[in-house]
C-alpha cells in the first residue's frame, strides 16, 4: 500500500527555495498560477499546524520540526490530485525527496540582495548572515545534496522580471531547452573588486 501511495505522489511537487529576499514568494505564486498548481508557503503551513521544535533566540526565528513536518506534508500531498509548488527557504529534509519533480533555487546578486533585505528593516547582522549565505551558495548546496544535482535548477532574479523567470521555469518543466544559469558570486564579486567588503 505504501509503495502504491509513493508512486501516486511521485514527481508531484515543485520546490522553490533560495536565500530570503531572492523573490521566492512572488515567483512561486505566479508559477503556481500559470501551471494551475496548488501553492504552499511552508513557513505559514508550519506555523498554522504548530510544527515547530523550538525557538532560535540568536536568529530570532522558530525551528522547524523536520520529521513532523515531513509526515504532515506527506499526508497532505497524498490527497492532492495535481502539482504543488512549495515555497521554502529550507530546501532539504522537509519535503520527501521521492515526490519532488523539480527544485528551483532562486539566486540574487549579493549587492542587490543586501539592498532588498535592508528595505525590510532587517538587523544588520541578519542582513550580513543572509548575504553571506547567498555568496557561499548555501541553499544551492543543501538542495543539490538532498535532491541531487539533476533535479536542481538555478534562477537568477537579480535583474530579470518575474515573468521572465517564470517563463524559464516553465520551459524546464516542459522539458524544453532553456539556458542554464550557473552562479558564482565569489568570482563575480572578485571581478567587481567588492569581495573583500563581504568577507572581511
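The values are calculated or read from the model by the stated rules, or taken from the named source; none is laboratory data. Because the structure is a prediction, the values reported are computed rather than measured. Please note: Cβ atoms are built from the backbone with ideal geometry, for glycine as well, and neighbour counts cover all protein chains shown.
Summary table
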item: Among the residues listed as 75, 28, 67, 80, the single one being farther than 27 Å from residue 160 by Cβ and touching a strand residue (DSSP E or B) at 6+ places or on another chain (Cβ under 8 Å); result: 80
item: Which listed residue is within 22 Å of residue 150 (Cβ to Cβ) and modelled with pLDDT of 95 or more, from 77, 117, 31, 113; result: 31
item: Identity of the residue in region 173-200, over 17 Å from residue 22 (Cβ atoms) and touching a strand residue (DSSP E or B) at 6+ places or on another chain (Cβ under 9 Å), that ends up surrounded by the fewest Cβ atoms within 10 Å (Cβ to Cβ); result: 180
item: Boolean, residue 183 is modelled with pLDDT of 95 or more, within 15 Å of residue 104 (Cα to Cα) and touching a helix residue (DSSP H, G or I) at 6+ places or on another chain (Cβ under 9 Å); result: no
item: Residues of region 149-162 that turn out to be more than 18 Å from residue 19 (Cα to Cα) and either touching a residue at least 60 places away in the same chain (Cβ under 8 Å) or in contact with a strand residue (DSSP E or B) (Cβ under 9 Å, 6 or more places away or on another chain) (or both), as a count; result: 1
item: Search result, residues across region 82-97 that are part of a loop (DSSP other than H, G, I, E, B) and in contact with a helix residue (DSSP H, G or I) (Cβ under 9 Å, 6 or more places away or on another chain); result: 83, 88, 89, 90, 91, 92, 93, 94, 95, 96
item: Residue 22 being surrounded by 13 or more Cβ atoms within 10 Å (Cβ to Cβ) and in contact (Cβ under 8 Å) with a residue 60 or more places away in the chain; result: yes
item: Complete set of residues in region 153-169 that are over 13 Å from residue 24 (Cα atoms) and surrounded by 14 or more Cβ atoms within 10 Å (Cβ to Cβ); result: 153, 160, 167, 168
item: Qualifying residue in region 121-129 (condition: farther than 14 Å from residue 16 by Cα, without any contact (Cβ under 8 Å) to a residue 40 or more places away in the chain and crowded, with 19+ Cβ neighbours inside 10 Å); result: yes
